[in-house]
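Here is the structure we will look at, set down as structure tokens.
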Amino acid sequence: MSTFQELGLNDDLLHAITDLGFIKPSEVQEKAIPILLESETDLVALAQTGTGKTAAFGFPMLEKIDVNSRTTQGLILSPTRELCLQIANEMKQYGKYCKGLNVVAIYGGSSITDQAREVKRGAQIIVATPGRMKDMISRRMVDISKIQYSVLDEADEMLNMGFKEDITDILSHTPEEKNTWLFSATMPREVATIAKKFMNAPQEITVGNKNESTSNVSHEYYLVNARDRYQALKRLSDANPDIFSVVFCRTKRDTQKVAEQLIEDGYSAGALHGDLSQNQRDLVMKSFRNKQIQTLVATDVAARGIDVDDITHVINYQLPDEIETYTHRSGRTGRAGKTGVSMVIVSKSEVRKIKSIERIIKRQFEKKDIPDGSEICEVQLMSLANKIHNTEVNHEIDKHLSSINELFEDTDKDELIKKFFSVEFTRFYNYYQKSKNLNVSDDGGRGRDRDGGRDFGGKSNSTRYFINVGSKDSFDWMKLKDFLKEQLQLGRDDVFKVEVKDSFSFFNTENELKDKVLAFFTDFKHEGRFVNVEVSENRGGGRRNDRNRGRRRDDRKGGGRRDERRSDSRNRGDRRRSEGSSKPRHSDSGNSSTFKPRRSRR
Ligand code: ADP
Ligand code: MG
């Protein structure tokens, strides 16, 4: 293992490296730096995220450019604004003793004229996103005709994001004889094609196996029914009280939905996706970085720039379409020498993808069970106990001690401990008391209900109802479930087996709630229309019967009166909503402790 000095870096750089606290080069640095310093060559370097690629190309570039000239000599292309800023900042730090160095970041969503002005001052190195770079070239705001070194960072991602044409266009404005250094975590065919097209006999280095995942990350999967995904996510979070996680969804819509739901349930969560404004994204990232947000729900594209070292878990709420993307996701954890866990919530129909991923990352997944309610309660209780054990005493309390002591004069220690813990624990316990087993066994059937609570299959202690609203009324099962819980002021798991049809739906509650449900819907209007709820003889199977029934209900719809009453039903809904928020719910679990006191939300 060599030192940075042995790699041949100059004193200015070595000085900065000492300041940064880098002790020894990482593997990709050890391999790439000598090659790039010693020869004028093209390079393809494959290495995982978090392996120190920025310095691997950054140090040689800084060593090679002429800081006394104001000509732009180095161009670094990177897929996102976040990465672009990150790289520019790193480069500035690496080059802080290189007198006269000027590194400028160019990216969308920020003033193009300001950026142009900075470039004009004489930027030897430009770090840019392809879109903005192309824009500035066409407006003649940059001159890259004298570039000597170009870097394609996260090349696989840039191609994934559809930047191929922009990159081609940008490179056509650079001199033929420049050197191109391509850095990528994975090597899909498109990257190989790009390498062939733009590079001249590139040297190749690979750190670890291509596409392989780092060994600091363990991979787990959890087999559940698709409709239980969200519950599974919550349990995985609750079973890890100190979790600091990124949850990946496939679409922007799901990302937003899951984040909103988590927030509503009292978790400190935030959404990161492309439909948010730059400002919103910056805010979310800031909160995540300083750990005000414990769970970041993100799309693959938006999460690309995340360089947060302490992420404990990556949760694949859904698997990505392209399995190569999994490598990127799991690479968000296990950074900087720490260990991490990458979890996949998977439904039966996608479980075979796990095998394909295993082949790509060359690592085995462990199949694990979603913890049941009692396990989670135990974990949370012990976590609370540990927290209390480690809490520093606030001596402000001293002056009240005698009155408190008086109150507990007759309470022995065990009793006091139990009472103390119950303050926070009971609410949580109540939530999980009725929880069902979410695991699906490999052989087909749903796992047995470990908690002895109800299961989804219409047990005899639950009642099934017919309700005359359906997807025509903009309900899907989740919305209908929320609607019912809200209107009836029920707990999170009190309404289940919700099945939404076109103009009618079904749902179940425990038998004890039957009177309440029926009474509530005797005179209830939604969007101006009477909502009818009846006990259904159907227990989940006799579809035909139900369909006929639905049609009959449907006929009763009073078409034109809907709008006119809408406001009325809105008001009613709002009032109930605010009442609803005062009921004890698991939602109040929050931040690092699931037992956090209730916060007012919104
Ligand atoms: P990559 O681009 O491969 O994902 P980065 O270049 O962003 O990785 O580096 C990841 C983190 O590791 C950064 O915080 C960086 O400052 C740090 N780092 C890079 N090289 C070293 C090193 N030799 N020693 C210690 N830390 C390093
Ligand atoms: Mg990088």
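Taking amide H positions as placed in the peptide plane 1.01 Å from N, state which residues far from ALA128 in sequence (5 or more) or on other chains have amide H under 5 Å from it.
Correct list: ILE76, LEU77, SER78, ILE106.
Amide H to amide H, which residues 5 or more places from VAL498 or on other chains are under 5 Å from it, using H placed in the peptide plane?
ASN508
Please give the per residue accessible area of the stretch 480-542, computed with a probe of 1.4 Å over protein heavy atoms only, in Å².
Numbers: 2430 Å² over 63 residues.
Per-residue accessible area for the stretch 480-542 comes out at 39 Å².
Give me the extension gain from LYS348 to SER2: residue separation times 0.36 nm, minus the current Cα-Cα distance, reported in nm with one decimal.
Residue separation times 0.36 nm, minus the Cα-Cα distance, leaves 119.7 nm.
Given a Förster distance of 30 angstrom, what is the FRET efficiency for ASN10 paired with GLU177, based on the Cβ-Cβ distance and rounded to 0.05?
Efficiency computed from Cβ-Cβ geometry: 0.80.
Against the 2.2 N^0.38 Å scaling, with N counting residues, where does the stretch 274-347 land? I'd like the Cα-based Rg ratio to two decimal places.
Relative to the 2.2 N^0.38 Å estimate, the stretch 274-347 comes out at 1.10.
With a cap of 16 neighbouring Cβ atoms within 10 Å, and only residues DSSP puts in a loop, list the GluC sites (Glu not before Pro) found in the stretch 124-227.
Those that pass, being in a loop and sparsely packed, are GLU176, GLU177.
Set the Förster radius R0 to 35 Å, insert the Cβ-Cβ distance between LYS197 and SER138 as r into 1/(1 + (r/R0)^6), and round the FRET efficiency to 0.05.
So, using R0 = 35 Å, E works out to roughly 0.95.
Along the Cα-to-Cβ line of VAL379, 7 Å from the Cα, sits a label point; which residues in the stretch 314-353 have backbone N less than 16 Å from it?
It comes to 314-317, 340-346, nothing else.
Quick check for you: with a 1.4 Å probe and neighbouring chains kept, what is the accessible area per residue of the stretch 1-92, in Å²? Don't skip to the answer; put the middle values down first.
On the way: 3540 Å² over 92 residues.
Heavy-atom SASA per residue in the stretch 1-92 reads 38 Å².
Ignoring any ligand, DNA or RNA, what whole percent of the accessible area of the stretch 123-250 comes from carbon and sulfur when the probe is 1.4 angstrom?
In the stretch 123-250, the share of accessible area belonging to carbon and sulfur is 41 percent.
Give me the distance in nm between label points sitting 7 Å out from Cα along the Cα-to-Cβ direction at LYS286 and THR251, one decimal.
With each label point 7 Å from Cα toward Cβ, the separation is 3.2 nm.
First check a/c for the stretch 229-320, with a ≥ b ≥ c the square roots of the eigenvalues of its C-alpha gyration tensor; if it is under 1.5, answer rounded, and if not, answer prolate when a/b is larger than b/c or oblate otherwise.
Taking the square roots of the gyration eigenvalues as a ≥ b ≥ c, the stretch 229-320 is rounded.
Kindly list the residues of the stretch 164-203 that lie in the label zone of SER145, defined by a backbone N under 17 Å from the point 7 Å along the Cα-to-C-beta vector.
Taking a point 7 Å out along Cα→Cβ of SER145, the residues of the stretch 164-203 whose backbone N falls under 17 Å are 170-178.
At a Förster distance of 51 Å, what's the computed FRET efficiency of ILE388 paired with TYR97, Cβ-Cβ distance as r, to 0.05?
Between ILE388 and TYR97 the formula returns 0.55.
Expressed in nm to one decimal, what extension gain is obtained for the pair ALA519 and LYS413 from 0.36 nm per residue of sequence separation less their Cα-Cα distance?
Gain in length upon complete extension: 33.5 nm.
Along the stretch 398-408, what does the Karplus equation 6.51 cos²θ - 1.76 cosθ + 1.60 (θ = phi - 60°) give for ³J(HN,Hα), rounded to whole Hz, x for Gly and Pro?
3, 5, 9, 4, 5, 5, 5, 4, 4, 4, 9
Taking amide hydrogens as modeled 1.01 Å from N in the peptide plane, which residues meet the under 5 Å criterion relative to GLN203, leaving out close sequence neighbours?
The list, which skips near neighbours in sequence, is ASP42, LEU43, VAL44.
How large a share of the accessible area of the stretch 14-114, in percent, is made up of carbon and sulfur atoms when the probe is 1.4 Å and the other protein chains stay in place?
Whole-percent figure for carbon plus sulfur exposure: 48.
In bins 5 Å wide, starting from 0, what share of all Cα pairs of the stretch 34-89 does each bin hold, as a percent?
4, 14, 25, 26, 20, 8, 2
Could I have the simple spin-label model distance between GLN489 and GLU220, label points 7 Å from Cα toward Cβ, reported in nm to one decimal?
3.8
Around ILE17, under 13 Å between beta carbons, what's the net of Lys plus Arg minus Asp minus Glu among the other residues?
Cβ neighbours under 13 Å give a net charge of -4.
Accessible area of CYS84, 1.4 Å probe, to the nearest 10 Å²?
0
First check a/c for the stretch 255-294, with a ≥ b ≥ c the square roots of the eigenvalues of its C-alpha gyration tensor; if it is under 1.5, answer rounded, and if not, answer prolate when a/b is larger than b/c or oblate otherwise.
Note, shape of the stretch 255-294 comes out oblate.
Using each residue's phi in the stretch 94-109, evaluate 6.51 cos²θ - 1.76 cosθ + 1.60 at θ = phi - 60° and report the 3J(HN,Hα) Karplus result to the nearest Hz, with x for Gly and Pro.
Residue by residue, the stretch 94-109 yields 4, x, 5, 9, 8, 5, x, 5, 9, 10, 10, 9, 10, 7, x, x Hz.
Rounded, prolate or oblate: which one fits the stretch 140-207, using the alpha carbon gyration tensor with axes a ≥ b ≥ c (rounded when a/c is under 1.5, else prolate when a/b beats b/c, else oblate)?
Judged from the Cα gyration tensor, the stretch 140-207 comes out oblate (a/c at least 1.5, b/c at or above a/b).
The values are calculated or read from the model by the stated rules, or taken from the named source; none is laboratory data. Treat the numbers as computed from the prediction; the structure is a model and nothing was measured. Virtual Cβ from ideal backbone geometry, glycine too; neighbours counted across all protein chains shown. Keep in mind that these areas ignore ligands, DNA and RNA; they rest on the heavy atoms of the full protein, side chains included. Shrake-Rupley method; radii C 1.70, N 1.55, O 1.52, S 1.80 Å.
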